[in-house]
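The values are calculated or read from the model by the stated rules, or taken from the named source; none is laboratory data. Note that this is a predicted model, so its numbers are computed, not measured. Here the Cβ positions follow ideal geometry from the backbone for every residue, glycine too, while neighbour counts run over all protein chains shown. Surface areas here come from the heavy atoms of the whole protein model, side chains and all, with no ligands, DNA or RNA. Shrake-Rupley method; radii C 1.70, N 1.55, O 1.52, S 1.80 Å.
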Amino acid sequence: MSGRSSCLCPLSVNSIASQLVKNGANKTSDLEPTRLINKQLSNLWKMPTPEGHSISESFRPEEFAAALRRLKPGKYLGLDSIILEFILHAESALKSWFCDFLNSCMRQLKSPKIWRRALVVAIPKQPEKPLGDAKSYRPISLLCVPFNIVERLIYARVKTIIDPLLPQEQAGFRHKRSAIDQVTLLTQDIEDSFSAKKKARAVFVDLTAAYDTVWHRGLTCKLLRLLPDRHMVHMIMGMVSNRSFTLTTGNGQRSRLRRLNNGVPQGSVLAPLLFNIYISDLPATTSRKYAYADDLAIMHADGDWLAVEGALSKDMARLDEYLQTWKLKLSTMKTMSALFHLNNKEAKM
């Protein structure tokens, strides 16, 4: 690590680790949405996998080879101390054995516990963030190499099913889509509102520790809605559940082992796809949505300011209700609003 990431951290590693655990704590006073979702989950598990829709059959040698090609050597070392180069340069017999071992994990829905244990590197988020605040650090999970290989194998099978089901406004981590596309689209819509002599307002929604707060039961529910193979859902949730971590900073200290009850690990191959699945059912809004992973903006244009404000207020109320139901946290401090118009007399609004 270089720059600020290599600066001595004034906090203890255990205080930052405690904050990471707190991020994933889903506390709510309204238990009714949780009860309803748990009931949905129970019913979804009872539905069998439709015939001909299984994607949890044994991994083929060519799939295993393709997964290895997508991994980059020389990057990091997981807590199991297995380096990628050991597998990349192994004899074909060892690779065949390892592929058989992964298939056994898939069939039995079991995997070594250490695969779900990560070394989390705490990196300062932004230069202006105070290093003395535990919330100023972004957790990057360094996962075991075998775990990454399994993720790659599952990702290749799941992505082709999931991607067509994701909403069009979601551009995050999708083929031939980028954040630039969304910025360009929003800019064009604002310019179009100018041409139509309308006033536009956008709200830029920020979620607090979005990946860390993904509710596992809620994620299971949404996976079951989109993936026809129940066995594969079991496998995925087994990989993201019951995780633990040891945290380190630039000064080389390590925290004690901590357990996580929610969230998907940043640095994981599957995490961006799983998060896209988790928010794939955002409520319909009058305002247009622009999304890139956990970054969301909504914009509405009209000739009348009151109409613009009314539409955005209703849409934000819908979004807030959705976020509370699925235990995501809206950051009221970072969620911003901006006006776009050519009416100079109203510039102070």
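Here the alpha carbons of region 1-147 define both size measures, Rg and Dmax, at 20.9, 57 Å.
The modelled label-to-label distance for the pair Gln324/Leu71, using points 7 Å beyond Cα in the direction of Cβ, is 4.5 nm. When the residues Ile140, Ile190 are ordered by accessible surface, computed with a 1.4 Å probe over the protein chains alone, the sequence from largest down reads Ile140, Ile190. Once the 1.4 Å probe is applied to the protein heavy atoms, region 66-134 comes out at 62 Å² accessible per residue. Here r is the Cβ-Cβ distance between Ala156 and Arg258 and R0 is 22 Å; the resulting FRET efficiency, rounded to 0.05, is 0.10. Each helix, a run of at least 4 DSSP H residues, gives -39500 (n - 2.57); summed and divided by the residues of the chain, these come to -13000 deg cm²/dmol at 222 nm. Taking 20 Å as the cut-off, the amide N atoms of region 41-64 that come nearer than this to a point 7 Å along the Cα-to-beta-carbon line of Gln108 belong to 56-60.
What a 1.4 Å probe finds exposed on the chain is 55% carbon and sulfur by accessible area, rounded to a whole percent.
Between Ile55 and Lys22, the distance separating the two model label sites (each 7 Å from Cα on the Cα→Cβ line) works out to 3.8 nm. Looking at region 123-216, the GluC sites (Glu not before Pro) that sit in a DSSP loop and have at most 11 other Cβ atoms within 10 Å of their own Cβ are Glu128. The alpha carbon convex hull volume per residue for region 86-199 rounds to 214 Å³. Between Ala210, Ala338, Ala301, the Gaussian network model of the chain with springs among Cα atoms under 10 angstrom shows the greatest mean-square fluctuation at Ala338. Comparing mean-square fluctuations of Ala202, Ala317, Ala17 from a GNM of the chain with C-alpha springs under 10 Å, the top value falls on Ala317. Within the chain, the ratio Rg/Rh, alpha carbon atoms throughout and Rh by Kirkwood, equals 1.00.
For the chain, the longest principal axis of the Cα atoms and the long axis of helix 145-162 meet at an angle of about 50 degrees. With protein chains left intact and a 1.4 Å probe, residues in region 216-326 average 37 Å² of accessible area per residue.
Averaged over its residues, region 138-189 has an accessible area of 46 Å² per residue, based on protein heavy atoms and a 1.4 Å probe.
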